[in-house]
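The values are calculated or read from the model by the stated rules, or taken from the named source; none is laboratory data. None of these values were measured; they are calculated from a predicted model. Counting neighbours? That spans all protein chains shown, and the Cβs are built from the backbone with ideal geometry, glycine included.
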Ligand code: CLF
Ligand code: SF4
């Protein structure tokens, strides 16, 4: 894209306008958009560089995805082909996300895939979800490939608390355990979020609510997100597996109370479906899990809707025959 295009200048009204449209068409960022617009997740990122205590690694990353589910990993080329096919059949999909099965920033295939998608579908919103460990050093690449909505999982901003949640990190080839690792991760997450917001990316933060570990800390996180300019926060319930298998997950009331307590500081997302890393369709209708018959039905409805809309436009003289 040319440098002097106002759409690339984050201080221009065109940039602002483009972002507002992206938010309005993003099923996760705008509650109303979830019924109209869909997303496709491309499962191209199998590796992860940290070990969360609630994660069982043969499954998708539970910081963003559905627990207990294993998505089939695609190559960047396969991901492009899948996108082509899905978008032809379901044009209401406006967002292409990479959310695992591991951490997208720990896999070079994430960037290769976004490059391919951006070249062929420049109008789509590119979205990514990460644990944030590599965010500061990968931000340039994230911007280069055109990601405009980014989710960072922040389960604590106090390294002492974070050390109870993450067993270890692998950073620049070295393993850091406990507080040593959590200090690095929290620092990188907060610096990375600030830099991403400053660069014009719309940031969402996922926080896994873990009773007895970070539940009393949640408002402190929300305050920090406010300070950093985060757009929306998604408080997700712990799914008790791995080292945290014996921790009782929060009740629906406890989660609601946490959302209410955080709301004065940062907008709350309440419609998350904890999608699979290979989900596609509307948030409420994951077509990767549907029968062929059901998918065909939605495809037919979509095509009929497009035809109907075309006919109306033609009759009103707004589209040439
Ligand atoms: Fe995917 Fe996440 Fe982007 Fe949405 S999901 S990478 S922001 S396009 Fe959405 Fe799914 Fe919840 Fe994620 S409902 S798990 S919040
Ligand atoms: Fe698992 Fe995701 Fe944590 Fe990595 S970031 S250990 S994939 S939950």
Exercise for review: Please enumerate the residues belonging to the range 108-125 that are surrounded by fewer than 22 Cβ atoms within 10 Å (Cβ to Cβ) and not in a helix (DSSP H, G or I).
Suggested key: 121, 122, 123, 124
Review point. Which of the residues belonging to the range 210-268 are out of contact with any strand residue (DSSP E or B) (no Cβ under 8 Å at 6 or more places or on another chain), closer than 21 Å to residue 159 by Cα and assigned to a helix (DSSP H, G or I)?
Key: 216, 217, 219, 220, 223, 224, 226, 227, 244
Review point. Does residue 29 satisfy the criteria of being touching a helix residue (DSSP H, G or I) at 6+ places or on another chain (Cβ under 6 Å) and on the phi < 0 side of the Ramachandran plot?
Key: yes
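Give 158, 141 a once-over and let me know the one that is surrounded by fewer than 18 Cβ atoms within 10 Å (Cβ to Cβ), out of contact with any strand residue (DSSP E or B) (no Cβ under 8 Å at 6 or more places or on another chain) and within 28 Å of residue 210 (Cα to Cα).
Values: 141 fails: within 28 Å of residue 210 (Cα to Cα).
Just one listed residue meets the conditions, 158.
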Check your understanding: Limited to the range 93-119, what total is found for residues that are out of contact with any helix residue (DSSP H, G or I) (no Cβ under 7 Å at 6 or more places or on another chain) and more than 15 Å from ligand 2 (Cβ to nearest atom)?
Key -> 7
Study note, to complete from the structure: Flagged in the range 152-188 as over 19 Å from residue 62 (Cβ atoms), part of a strand (DSSP E or B) and under 24 Å from the mean Cα position of the chain (by Cα), in numbering order, are 171
Revision key, fill the gap. Residue count, the range 47-72, condition closer than 15 Å to residue 98 by Cα, surrounded by fewer than 20 Cβ atoms within 10 Å (Cβ to Cβ) and at pLDDT 75 or above, comes to 2
Practice item. Just give me the residues in the range 196-209 being in a helix (DSSP H, G or I) and surrounded by fewer than 16 Cβ atoms within 10 Å (Cβ to Cβ), in sequence order. Key: 198
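Filtering the range 95-107 down to residues that are surrounded by 21 or more Cβ atoms within 10 Å (Cβ to Cβ) and modelled with pLDDT of 95 or more, which residue is farthest from ligand 1 (Cβ to nearest atom)?
Initially, the range 95-107 is screened for residues surrounded by 21 or more Cβ atoms within 10 Å (Cβ to Cβ), giving 95-105, 107.
With modelled with pLDDT of 95 or more added as a condition, the list becomes 95-98, 103-105, 107.
Values: 95: 5, 96: 8, 97: 3, 98: 7, 103: 12, 104: 9, 105: 13, 107: 14 Å.
Going through the qualifying residues, I end up with 107.
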Review point. Within the range 173-190, is even one residue without any contact (Cβ under 8 Å) to a residue 60 or more places away in the chain, surrounded by fewer than 22 Cβ atoms within 10 Å (Cβ to Cβ) and under 26 Å from residue 22 (Cα atoms)?
Key: yes
Point to revise | Cross-chain or 6+ apart pairs with Cβ under 7 Å, the range 264-288 first and at pLDDT 95 or above, then assigned to a loop (DSSP other than H, G, I, E, B) and within 16 Å of ligand 2 (Cβ to nearest atom) | key: none
